[in-house]
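Enquirer: Pasting in a structure now, in structure tokens, and then I'll have a few things to ask.
The values are calculated or read from the model by the stated rules, or taken from the named source; none is laboratory data. Here the structure is a predicted model, which means the values were calculated and not measured. Accessible surface is based on the protein model in full, side chains and every heavy atom, while ligands, DNA and RNA are left aside. Shrake-Rupley method; radii C 1.70, N 1.55, O 1.52, S 1.80 Å.
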Amino acid sequence: MTHVAPVGGTAVQDHVALAEIELCGELIIAASAAEDRLSMESIDQVLRVAEERADPPAA
């Protein structure tokens with residue numbers, strides 16, 4: 001039996017989980033387009049690690 005979220009906007013959204021899924025998708029796309037393994041620098045670029053370090057969280 002398949003369970004489907006009810007229609008009408010009652011589904012709960014986890015914004016952190018959605019962001020992680022999006023980043024995983026971008027990493028999969030980058031890895032599949034690369035001719036060889038991605039370097040750590042390439043992975044950091046895809047995951048926007050440098051941007052996160054440059055923008056400290058608001059306190």
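Enquirer: Taking the residues in the range 46-59 that are open to solvent by 100 Å² or more (accessible area, probe 1.4 Å) and in a helix (DSSP H, G or I) as candidates, determine which candidate is modelled with the highest pLDDT.
Expert: This residue is E51.
Enquirer: So which residues in the range 1-45 are modelled with pLDDT of 90 or more and part of a loop (DSSP other than H, G, I, E, B)?
Expert: Listed by number, the residues that qualify are A34, E35, D36, R37, L38, S39.
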